[in-house]
Amino acid sequence: MDIMHINGKGTNSTNKETVNSIEEQDQGASFKTTLSSFLNEVNDLQAKANESIENLATGKVGNVHEVMIAMAKAEVSFKFMMETRNKLVETYKEVMRMQV
């Protein structure tokens, strides 16, 4: 850390730039991590629904309600994921139009 002079002059701008770049990297990683965990969760729900269907077909599970609930959870999460994707694409296109 640089020591500031009493009159306020010093090399503090370099430190601010470094802190800002580190914060930007953290925010990017956070978005990436959040999006990745969301996609993994959707994938897990799809896999559970498929497993429930297979178990029902083979007779391992006799409760149709559980299978229907698993399928509904997978369907809702997939639809939400697709709507989120559509909004991200729309936002990207809007930003690209603004730059022109």
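Odds and ends about this structure:
- Verdict on M71 being surrounded by 11 or more Cβ atoms within 10 Å (Cβ to Cβ), part of a helix (DSSP H, G or I), at pLDDT 90 or above and in contact with a Ser or Thr (Cβ under 8 Å, 6 or more places away or on another chain): yes
- Contact map, region 43-57: residues that are within 12 Å of M71 (Cβ to Cβ) paired with residues that are in a helix (DSSP H, G or I) and among the β-branched types (V, I, T), Cβ distance under 9 Å, separation 6+ or inter-chain. Pairs shown: L45/V76; A49/V67; S52/V67; S52/I69; I53/V67; L56/V64; L56/V67.
- Of F80, F38, all but one fail to be aromatic (F, W, Y), loosely packed, with under 13 Cβ neighbours inside 10 Å and modelled with pLDDT of 85 or more; the exception is F80.
- M81 being closer than 28 Å to T34 by Cα and touching a residue at least 40 places away in the same chain (Cβ under 8 Å): yes
The values are calculated or read from the model by the stated rules, or taken from the named source; none is laboratory data. All of these numbers come straight from a predicted model, not from anything done at the bench. Counting neighbours? That spans all protein chains shown, and the Cβs are built from the backbone with ideal geometry, glycine included.
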